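Here the structure is laid out as structure tokens; the discussion comes afterwards.
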Amino acid sequence: YDPEALVGRSGAELVAPESRALFAAHLAAAPSTPLDGFALRRDGTTFPCRIRGRTLDFDGRTIRVVLVRDLTEQRAMEAALLHRERELASIARHTPDVLTRLDRTL
């Protein structure tokens, strides 16, 4: 979305249907911690996200500011790292050789 298209819209409109109940409960509890869930893109597809909200007083009104952070790239990197860690652990477990690591910067 363009930022201008989001001003004045409810954050709940951007939450994917499968995350709406969780979002509503989180919003009602008003915690300071973020919520991980799924949000909607303009084309209707969903993506993993982290939602943070804060209630502020602005021009005599109480408003809610919501930040939605796309986690797609972060989740892909985490999955690749986990795959690599498992691969290396498997090599270390199954090799008959002794493995060492030398760090010349120490």
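Readers should treat all values here as calculations from the given coordinates under stated rules, not as data from a laboratory. Computed from a predicted model, the values in this text were never measured in an experiment. For neighbour counting, all protein chains shown are included, and Cβ atoms are generated from backbone atoms with ideal geometry for every residue, glycine included.
Using only the Cα atoms of region 65-106, build the gyration tensor, take square roots of its eigenvalues as a ≥ b ≥ c, and label the shape rounded, prolate or oblate: rounded if a/c is under 1.5, else prolate if a/b is larger than b/c, else oblate. Walk me through the numbers before you get to the answer.
Values: a/c = 6.44, a/b = 2.19, b/c = 2.94.
Cα axes put region 65-106 in the oblate bin.
Starting from the 7 Å offset along Cα-to-Cβ, what nm value, one decimal, do you get for the label separation of LEU81 and HIS94?
Calculated label separation equals 2.5 nm.
Normalising by the residue count of region 1-72, find the relative contact order in percent from Cα pairs under 8 Å and 6+ residues apart.
Dividing the mean separation by the residue count of region 1-72 yields 23 percent.
Tell me whether region 1-69 comes out rounded, prolate or oblate; compute the Cα gyration tensor, take square roots of the eigenvalues as a ≥ b ≥ c, and use a/c under 1.5 as the rounded threshold.
Values: a/c = 2.13, a/b = 1.23, b/c = 1.73.
Oblate is the answer for region 1-69, as a/c is 1.5 or above yet b/c matches or exceeds a/b.
Each label point is 7 Å from the Cα along the Cα-to-Cβ direction; what then is the distance between the points at THR72 and ARG50, in nm?
1.8 nm
Return, ordered by residue number, the residues of region 1-20 whose backbone nitrogen is under 14 Å from a label point located 7 Å along Cα→Cβ of ASP59.
Zone members listed by number: 7-9.
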